[in-house]
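What follows is a single structure, written as structure tokens, with notes after it.
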Amino acid sequence: MGIAVKKTISLPPELAREVEEIARQEKKPISAVIQDALRIARRERLKAEFYQIQNYWSRKAKERGVLTAKDLETYLRPSTRVVFGTSIFISALVIPGNFAEKAMLKIIEGGDILVISKDIINEVLSVLSSKCNREKIGISHAAVILSDLGELVKPTKKVSIFKDDPDNRILECAIHGKTDVLITGDKEMLQSRGYKGTKIISLKEFIES
């Protein structure tokens, strides 16, 4: 505690009598009674100010969809930089309601940051065109959506780690984009478990993480 400072205060007669009565009942000096009252007043003031700012920030959080403790945990979690393998995009576009769609929605809703390259987009469009539909309008729309989904990077270094060349293009994107995770369904890539700081995991692992 600091050094006590003497102060002279004036009280209305009725309040002075009340202070004296409290001091008599609690067997305290009048100064101690006043100190207690000031501490209580300070505590109540701080409590009121806390609830005031809590009301402000909780309202702002609700505007951003933060309604529960779980929402807050998700909101505050650092965003993960991810790369999707070609099959993830195709599965999400072709088969509604699956894990691949959930992964895409996780990106769209701001949960994580998607990193993508022209090579990945071209590979997805090539598969869609050859296996599903050659209509230019559908391919063009898919190209626009894929480009808008994430951060477009231009890898400058080539790698030859995997047998399938398109898989190497995906890894190049992950390396250049400094990603945390590469999500794929390719067995060879999954067996490697990672490369230069980028973990390689399955779609199920990503959704459940």
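Each reported figure results from applying straightforward, stated rules to the coordinates on display, with no laboratory input. As the structure is a prediction and not an experimental result, all values here were calculated from the model. Here the Cβ is made from the backbone with ideal geometry for all residues, glycine too, and neighbour counts use every protein chain on show.
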Can you grab the distance from the C-alpha centre of segment 17-61 to the C-alpha centre of segment 153-198, Å, no decimals?
62
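Compute the FRET efficiency between Lys118 and Tyr75 as 1/(1 + (r/R0)^6), taking r as their Cβ-Cβ distance and R0 = 22 Å, and round to the nearest 0.05. Kindly include the intermediate steps, with their values, before the conclusion.
Working: r = 32 Å, r/R0 = 1.45.
FRET efficiency, Lys118 to Tyr75: 0.10.
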Assuming R0 = 30 Å, what is the FRET efficiency of Glu21 and Asn55, from their Cβ-Cβ distance, to the nearest 0.05?
0.20
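Could you grab the Rg to Rh ratio for the chain? Cα atoms only, Kirkwood for Rh.
Numbers: Rg = 31.3 Å, Rh = 22.2 Å.
With Rg and the Kirkwood Rh in hand, the quotient comes to 1.41.
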Give me the base-10 log of I(q)/I(0) for segment 13-65 at each q in 0.19 Å⁻¹, Debye formula, one uniform scatterer per Cα, rounded to two decimals.
-0.69
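How large is the charge dipole for segment 13-65, taken about the Cα centre, if only the Cβ atoms of Lys, Arg (+1) and Asp, Glu (-1) carry charge, to the nearest 20 debye?
Values: 13 positive and 9 negative charges, 102 e Å.
My answer is approximately 480 debye.
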Most positive-pole-ward Cα, Ala174, Thr68, Leu46, against dipole of the chain from beta carbon charges
Leu46
Angle between the Cα long axis of helix 13-26 and the longest principal axis of the chain, 0 to 90 degrees, nearest 10?
80
Applying a 10 Å radius around every beta-carbon, put 200-206, 88-94, 39-45 in order of their mean neighbour count, most first.
88-94, 200-206, 39-45
Mean Cβ count within 10 Å, highest first, over the residues of peptides 53-63, 141-151, 173-183:
173-183, 141-151, 53-63
Multiply the residue gap between Ser129 and Asp36 by 0.36 nm, knock off their C-alpha separation, and tell me the result in nm, one decimal place.
25.6 nm
Send over the semi-axes of segment 141-188's equivalent ellipsoid, whole angstrom and largest first, taken as the square roots of 5 times the C-alpha gyration tensor eigenvalues.
20, 14, 11
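Given the peptides 117-130, 72-85, arrange them by the average over their residues of other C-beta atoms within 10 Å, most packed first. Before the final figure, lay out the partial values.
On the way: 117-130: 17.8, 72-85: 16.3.
The peptides rank, most packed first, as 117-130, 72-85.
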Only helices counted: for the chain, with every DSSP H run of 4 or more residues adding -39500 (n - 2.57) and the sum spread over all residues, [θ] at 222 nm is -19000 deg cm²/dmol
